[in-house]
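The next block holds one structure in the form of structure tokens; read it before the comments.
The values are calculated or read from the model by the stated rules, or taken from the named source; none is laboratory data. Just so it is clear, the model here is predicted, and its values are computed rather than measured. Glycine gets a Cβ as well: all are built from the backbone with ideal geometry, and neighbour counts include every protein chain shown.
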Amino acid sequence: MLGAASALAADEKDPILDPSVVPYLSAGDRHDYLRFLDVDLPCAFAVSSDGHHAFAARVRGSERATRQRALFYCRAAGGRDCKLYAVGLDVVWPGLAWTAKLPPDTVGDPTLRPDSDYLWHAPPASGVFIWLGNLPPPPFARLYNNAGFDVVLATSTDRLAALRDAGFTRVVLGGYADSATAALAASPAADAVIALSPGVVRPIPAAPRTRVAVILFDGSPGDSDAVRRAALDAKPTLGDLLLMQPDGFPGADSGLAVSFTGYFGECLLRFGASDRPPSAC
């Protein structure tokens with residue numbers, strides 16, 4: 001995965017994103033720390049003075065259990081004196097301790113709420129990844145966050161312009177099922193849209209500067225062929241179109257899975273954030 005070492009990152013002022021300062025890790029082992037940065041909370045990373053290390057995530061949904069599991073894995077790998085380096089978004093290592101700043105309750109408008117499970121970079125960050133609907137953001141939102149994007153939750157697209165007013169220079173909008181349909185309808189308000197399993201077929205409005213990714217899965221709601229035709233019909237009026245239906249991911253909610261991010265998260269990050277988006281994933 002792209003992780004925090006990406007050239008897309010606006011800056012790496014947050015110490016937790018810098019693998020080079022993790023004690024006792026070799027240059028080769030720093031890749032494991034980058035993998036840790038891509039997992040969901042609760043999570044923990046442990047390391048020992050002999051270089052053995054391990055991480056754990058979402059153990060029974062408990063931070064305490066996750067910390068204990070990371071230490072257990074580190075010892076099982078051969079570590080003699082394993083200690084926690086990072087827990088969640090914070091560095092807890094003595095002498096290097098750093099606490100992530102809390103995001104504001106809202107940004108730009110009361111309907112736009114930063115997700116406290118993600119680092120808050122604050123505008124002008126690289127941009128903002130907005131997730132529509134009531135479900136938690138997909139795992140690939142973590143890659144956007146590590147690349148300098150703030151993650152904001154929204155239940156509608158009515159007030160997206162407030163994010164520009166708040167200082168965000170790049171807006172990436174994502175949604176699943178009905179929320180994916182709403183995201184496509186709001187394409188002109190975003191720089192990029194990532195629509196996972198859009199359910200209702202509607203014409204996609206012209207958005208000459210907007211990149212649109214439509215991702216379908218076996219079992220997606222609605223008529224996938226009709227959604228595909230609507231996307232292809234809109235292609236000449238969009239900045240770019242990425243249309244895909246990946247093999248091996250059955251179920252409409254496959255785009256919300258960690259395994260999907262493992263294969264396609266880096267590509268989706270480049271599609272929304274890179275100056276040269278990929279033409280296929």
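A few remarks follow.
- Lone qualifier among Pro124, Pro114 - being within 20 Å of the chain's Cα centre (by Cα), modelled with pLDDT of 95 or more and of a type outside the set (A, V, I, L, M, F, W, C): Pro114
- Top-ranked residue of segment 53-66 - restricted to ones that are touching a Lys or Arg at 6+ places or on another chain (Cβ under 8 Å) and not aromatic (Phe, Trp, Tyr), ranked as surrounded by the fewest Cβ atoms within 10 Å (Cβ to Cβ): Val59
- Residue pairs meeting the criteria (Cβ under 9 Å; at least 6 apart or on separate chains; first assigned by TED's automatic domain parsing to the domain that holds Asp32, in segment 59-75; second crowded, with 21+ Cβ neighbours inside 10 Å and polar (S, T, N, Q)): Val59/Thr66; Arg60/Thr66
- Residues of segment 79-100 classified as in contact with a His (Cβ under 9 Å, 6 or more places away or on another chain) and surrounded by fewer than 17 Cβ atoms within 10 Å (Cβ to Cβ), total: 1
- Among residues of segment 115-140, those that are aromatic (Phe, Trp, Tyr) and on the phi > 0 side of the Ramachandran plot, counted: 0
- All positions within segment 238-266 that are surrounded by fewer than 19 Cβ atoms within 10 Å (Cβ to Cβ) and closer than 15 Å to Ala192 by Cβ: Gly239, Asp240, Leu241, Leu243, Met244
- Hits in segment 188-220 (condition: under 14 Å from Ala234 (Cα atoms), buried (at least 24 other Cβ atoms within 10 Å of the Cβ) and either modelled with pLDDT under 95 or touching a Lys or Arg at 6+ places or on another chain (Cβ under 9 Å) (or both)): Val193, Ile204, Val212, Val214
- Qualifying residues in segment 25-64 (those that are in contact with a Pro (Cβ under 8 Å, 6 or more places away or on another chain) and assigned to a strand (DSSP E or B)) - the one modelled with the lowest pLDDT: Ala57
- Scoring Ser259 on the criteria (1) within 19 Å of the chain's Cα centre (by Cα); (2) in contact (Cβ under 8 Å) with a residue 40 or more places away in the chain leaves a single failure, condition (2).
Residues checked against (1) surrounded by fewer than 17 Cβ atoms within 10 Å (Cβ to Cβ); (2) within 27 Å of Val200 (Cα to Cα):
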| residue | (1), (2) |
| --- | --- |
| Pro110 | yes, no |
| His121 | no, no |
| Pro136 | yes, yes |
| Ala141 | no, yes |
| Phe149 | no, no |
| Leu153 | no, yes |
| Arg159 | yes, yes |
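- Subset of segment 168-187 that is touching a residue at least 60 places away in the same chain (Cβ under 8 Å) and within 17 Å of Asn134 (Cβ to Cβ) - its residue that is surrounded by the fewest Cβ atoms within 10 Å (Cβ to Cβ): Ala177
- When segment 235-253 is filtered for residues that are in contact (Cβ under 8 Å) with a residue 40 or more places away in the chain and not in a strand (DSSP E or B), the ones remaining, listed by number, are Ala252, Asp253.
- Filtered residue count, segment 1-24, keeping only those that are at pLDDT below 95, touching an Asp or Glu at 6+ places or on another chain (Cβ under 8 Å) and part of a helix (DSSP H, G or I): 2
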